[in-house]
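Data block below; observations after.
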Amino acid sequence: MSGSQNKISVPNDGSTRPNGAASLRRRFSWMHVREQAIHFILFCCALLSVLTTVSIIYVLITESVVAFPPNTAFFQVVSLHEFFTETRWTPQYAEEQQHFGILPLVTGTFLITGISAIIGLPVGLLIAIYLSEYASPNARKWVKPVLEILAGIPTVVYGFFAIRFLTPMLIVPIFENWLGMTVFGKNALAGGIVVGLMIIPMVASLSEDVMRSVPNSLRESGYALGSTKFDVSSRIVVPAALSGIFASFLLALSRSIGETMAVTIASAGFAKLTLNPLAQIQTMTSYIVDVMTGEVVSGSTVEKSLYAVALVLFMITMVMNLISQWVLSRYREVYQ
Amino acid sequence: MALVKRFTQFVDPPNEGNITQVPESVPTLGTPKIETRGMSFFYGTKQALYDINLQIQSRAVTALIGPSGCGKSTYLRSLNRMNDIIEGTRVTGEVLLDGADIYNRDVDVVSLRKRVGMVFQKSTPFPKSIFDNIAFGPRIAGQTNKSELQVIVERSLKQAALWNEVKDRLKESAMALSGGQQQRLCIARALATNPEVLLMDEPASALDPASTARIEDLIFELKQNYTIVIVTHNMQQAARISEMTAFFCVGRLVEIGQTKQLFTNPTQKETEDYITGRFG
Ligand SMILES: Nc1ncnc2c1ncn2[C@@H]1O[C@H](COP(=O)(O)OP(=O)(O)O)[C@@H](O)[C@H]1O
Ligand SMILES: [Mg+2]
């Protein structure tokens, strides 16, 4: 920080270094300016992300909860009571038949999330156990990049895979041809399955991290009591890492809830209150896509409904992320 | 470095197979519970133990002493094959438990470790309740009967002199116990599988004097029924609790003898240097 090393500020007599008192005095120096500039730029970057978040929240709230007078917010038109209890979501109808009950979107979203959880969480956890407890360093070297590739596939490709492959070649043959059920061309099952595949890498790598941080001394104690590798994994490592695993599940599910493109392609049609995985559904995210890509009258209730749905979505995923961050940080404390 | 392998003279080499006829020529020693013959140990290419010939007596305490890094832990951990967990380790020679070589191909490591329990330097309670900690071994061995487990937990905690302190809070987390209590919990946990041998690697080195004294009392009690091998860096402790003491130095067994004799009248110069250096 001191400018004494800087050529500009050092008295140029060349013979002696400045004495102690002089070298501590603050003087103009380019190094100091540079430090300040770097600090400022970094601060601006941080500020940018904070500002983005704040302005998104601001827009969501002013469009859906309270608006500045000439405008009206969504909840000033549709009551909270209707929004949360009405079972029909029919913004596409003429105004007098429109209903804005978010339940069908919520059930659609949770149908996708539930199916993805059934697939993604156990498989992800088993991969994590494999990587952390069983795999040789060599095997890890192969499996981890493959997981990263899986994580890097664009979601639109997953959606395409679901509608072009999963539904016609797997779901229809099994459920329609064999079991005689009705399968929609777009159905929740196909979307749920691919979202499940999508979250596997996330669950696997986060859970693996927490399992590897379980101290080796616990494993050794387990082996010393006559445990097999499976005993150690299932009765010591997984229970000890449980809160961290739980947090990774929450993060993965919040990703499932927010997943948009694959679901829009593979499952989304009209909103209907149903838990039938073979039917078309509408999720919160795919509804937003649907309205945004269609013709929507600016300032209409339909347009405002976007913000209300987005607000609900934002709050659900934010709460889940906060809980999992909190659980993870507490978990780290335990083993530090 | 002049090394005398004092115990090789007791071994009858032509003794084949797994039945050990222990030479009766050793008056003060009973049947060895554990015996290593010409045993060497390698971490990859690094040799940590050289040609160890050592007999460990049943229902007695054998102390392993020596400067740090000389292979005491390595030796101890090879007695229940804990070193198998470490990649690239290798044992040559024989390690006999009741006359059977535990490194034989057909030995089931899991059942070996049930017979030869281990307590580590750092207490390692599982993040579970006190009850679940003690019941861990019996449960993985297939015991599911609740009342049986209760009996085992109570017996083990009593053996480890911990019952009175924890009997009212068996459902509470074991992590909440004090350091000394945690170490006795680990001893109780090891006892719950009904081992024949108990290996202890500096079990009291992280504890305060009062807790150390309790652990020593406990070891004194346990040796009535168990064969105990204990590593300690504390020579007074070895002198207090053990019948036999073995002195290791840089991967070699320098001397083994009755504790009293080894401390008062060591036959090897290295032993004497070590003992007097410490006792000063
Ligand atoms: N996991 C390991 N890998 C390689 N070398 C090891 C390992 N553990 C111990 N050693 C080495 O083996 C020797 C004996 O170690 P150890 O048995 O722990 O000694 P002690 O318990 O007497 O202090 C030391 O030189 C140590 O560095
Ligand atoms: Mg050691």
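Which residue out of B:ILE215, B:ILE187 is within 14 Å of chain A (Cβ to nearest Cβ) and among the β-branched types (Val, Ile, Thr)?
Values: B:ILE215 fails: within 14 Å of chain A (Cβ to nearest Cβ).
Criteria check complete, one pass: B:ILE187.
If B:LYS122 meets every condition in (1) within 16 Å of ligand 2 (Cβ to nearest atom); (2) more than 8 Å from chain A (Cβ to nearest Cβ); (3) surrounded by fewer than 19 Cβ atoms within 10 Å (Cβ to Cβ) apart from one, which number is that one?
With respect to (1) within 16 Å of ligand 2 (Cβ to nearest atom); (2) more than 8 Å from chain A (Cβ to nearest Cβ); (3) surrounded by fewer than 19 Cβ atoms within 10 Å (Cβ to Cβ), B:LYS122 is out only on (2).
Picking from A:THR274, A:THR228, which residue would you name as being β-branched (Val, Ile, Thr) and at the interface with chain B (Cβ under 10 Å from one of its Cβ atoms)? If you could, list the steps in order and put the result at the bottom.
Numbers: A:THR274 fails: at the interface with chain B (Cβ under 10 Å from one of its Cβ atoms).
Only one candidate passes the filter, namely A:THR228.
Being more than 9 Å from ligand 1 (Cβ to nearest atom) and of a type outside the set (Asp, Glu) is the filter here, so list the residues in segment B:51-64 that pass it.
First pass over segment B:51-64, keeping only residues more than 9 Å from ligand 1 (Cβ to nearest atom): B:51-63.
Within segment B:51-64, B:ILE52, B:ASN53, B:LEU54, B:GLN55, B:ILE56, B:GLN57, B:SER58, B:ARG59, B:ALA60, B:VAL61, B:THR62, B:ALA63 qualify.
Only residues that are modelled with pLDDT under 90 and within 16 Å of ligand 1 (Cβ to nearest atom): list them for segment B:205-240, please.
Within segment B:205-240, B:SER205, B:ALA206, B:HIS233, B:ASN234, B:MET235 qualify.
Could you check segment A:231-256 and list, in sequence order, the residues that are within 14 Å of chain B (Cβ to nearest Cβ) and either among the basic types (Lys, Arg) or closer than 23 Å to B:LEU191 by Cβ (or both)?
A:ASP231, A:VAL232, A:ARG235, A:ILE236, A:PRO239, A:ALA240
Please find, within segment B:41-50, the residue that is nearest to ligand 1 (Cβ to nearest atom) out of those that are surrounded by fewer than 18 Cβ atoms within 10 Å (Cβ to Cβ) and in contact (Cβ under 8 Å) with a residue 24 or more places away in the chain. Show your work before the answer.
Pass one, segment B:41-50, residues surrounded by fewer than 18 Cβ atoms within 10 Å (Cβ to Cβ): B:42-47, B:50.
Adding the requirement that they be in contact (Cβ under 8 Å) with a residue 24 or more places away in the chain leaves B:42-44, B:47, B:50.
Numbers: B:PHE42: 9, B:TYR43: 3, B:GLY44: 7, B:GLN47: 9, B:TYR50: 11 Å.
Top of the filtered list is B:TYR43.
Please return the ranges of helices (runs of 4 or more DSSP H) entirely within segment B:180-273 where 3 or more residues are within 24 Å of B:MET82 (Cβ to Cβ) and of a type in the set (A, V, I, L, M). Talk me through it step by step, then tell me what you get.
Working: elements: B:209-222, B:235-241, B:259-264.
Qualifying helices (runs of 4 or more DSSP H): B:209-222.
Is it the case, given these coordinates, that A:ILE171 is among the β-branched types (Val, Ile, Thr), within 30 Å of A:PHE230 (Cβ to Cβ) and surrounded by 16 or more Cβ atoms within 10 Å (Cβ to Cβ)?
Answer is no for this residue.
Would you mind telling me which numbered condition in (1) closer than 16 Å to B:VAL250 by Cβ; (2) of a type in the set (A, V, I, L, M); (3) within 13 Å of ligand 2 (Cβ to nearest atom) B:MET82 fails?
Looking at each condition in turn, B:MET82 falls short on (1).
Can you tell me which residues in segment B:264-280 are aromatic (Phe, Trp, Tyr) and either under 19 Å from the mean Cα position of the chain (by Cα) or surrounded by fewer than 20 Cβ atoms within 10 Å (Cβ to Cβ) (or both)? Give the derivation first.
Step one: of segment B:264-280, the residues aromatic (Phe, Trp, Tyr) are B:274, B:279.
B:PHE279, the sole residue that qualifies.
Quick check, is B:ARG81 within 14 Å of chain A (Cβ to nearest Cβ) and either more than 17 Å from B:LEU199 (Cα to Cα) or more than 9 Å from ligand 1 (Cβ to nearest atom) (or both)? So that I can check it myself, show each step before the final result.
On the way: within 14 Å of chain A (Cβ to nearest Cβ): yes; either more than 17 Å from B:LEU199 (Cα to Cα) or more than 9 Å from ligand 1 (Cβ to nearest atom) (or both): yes.
So B:ARG81 fits the description; yes.
Scanning for something out of contact with any helix residue (DSSP H, G or I) (no Cβ under 9 Å at 6 or more places or on another chain), closer than 27 Å to A:PRO154 by Cα and in the same structural domain as A:VAL172 (by TED's automatic domain parsing), does segment A:236-247 turn up at least one residue?
Checked against the condition, which is being out of contact with any helix residue (DSSP H, G or I) (no Cβ under 9 Å at 6 or more places or on another chain), closer than 27 Å to A:PRO154 by Cα and in the same structural domain as A:VAL172 (by TED's automatic domain parsing), segment A:236-247 yields no hits at all.
Here is a list: B:LEU162, B:LEU199, B:LEU191. Which entry is within 16 Å of ligand 2 (Cβ to nearest atom), aliphatic (A, V, I, L, M) and over 13 Å from B:ASP132 (Cα atoms)? Spell out how you get there, then give the answer.
Working: B:LEU162 fails: within 16 Å of ligand 2 (Cβ to nearest atom); B:LEU191 fails: within 16 Å of ligand 2 (Cβ to nearest atom).
Result: B:LEU199 is the single residue among B:LEU162, B:LEU199, B:LEU191 that is within 16 Å of ligand 2 (Cβ to nearest atom), aliphatic (A, V, I, L, M) and over 13 Å from B:ASP132 (Cα atoms).
Are any of the residues in segment B:102-119 under 18 Å from A:ASP231 (Cα atoms), surrounded by fewer than 22 Cβ atoms within 10 Å (Cβ to Cβ) and of a type in the set (Asp, Glu)?
Yes, some residue in segment B:102-119 is under 18 Å from A:ASP231 (Cα atoms), surrounded by fewer than 22 Cβ atoms within 10 Å (Cβ to Cβ) and of a type in the set (Asp, Glu).
Return the pairs, sorted by first residue and then second, in which the second residue is among the acidic types (Asp, Glu) and more than 9 Å from ligand 2 (Cβ to nearest atom), the first residue lies in segment B:59-70 and is more than 14 Å from chain A (Cβ to nearest Cβ), the beta carbons are less than 9 Å apart, and the residues are 6+ apart or on different chains.
Sorted first by the residue in segment B:59-70, then by its partner, the pairs are B:ALA60/B:GLU243; B:VAL61/B:GLU243; B:THR62/B:GLU243; B:ALA63/B:GLU243.
Could you check segment B:41-57 and list, in sequence order, the residues that are away from ligand 2 (no atom under 16 Å from the Cβ) and in contact with a Gly (Cβ under 6 Å, 6 or more places away or on another chain)?
B:GLY44, B:TYR50, B:ASP51, B:GLN57
The values are calculated or read from the model by the stated rules, or taken from the named source; none is laboratory data. Owing to the predicted nature of the structure, the values given are computational and were not obtained by experimental measurement. Don't worry about glycine lacking a Cβ; one is built from the backbone with ideal geometry, like all the others, and counts go over all protein chains shown.
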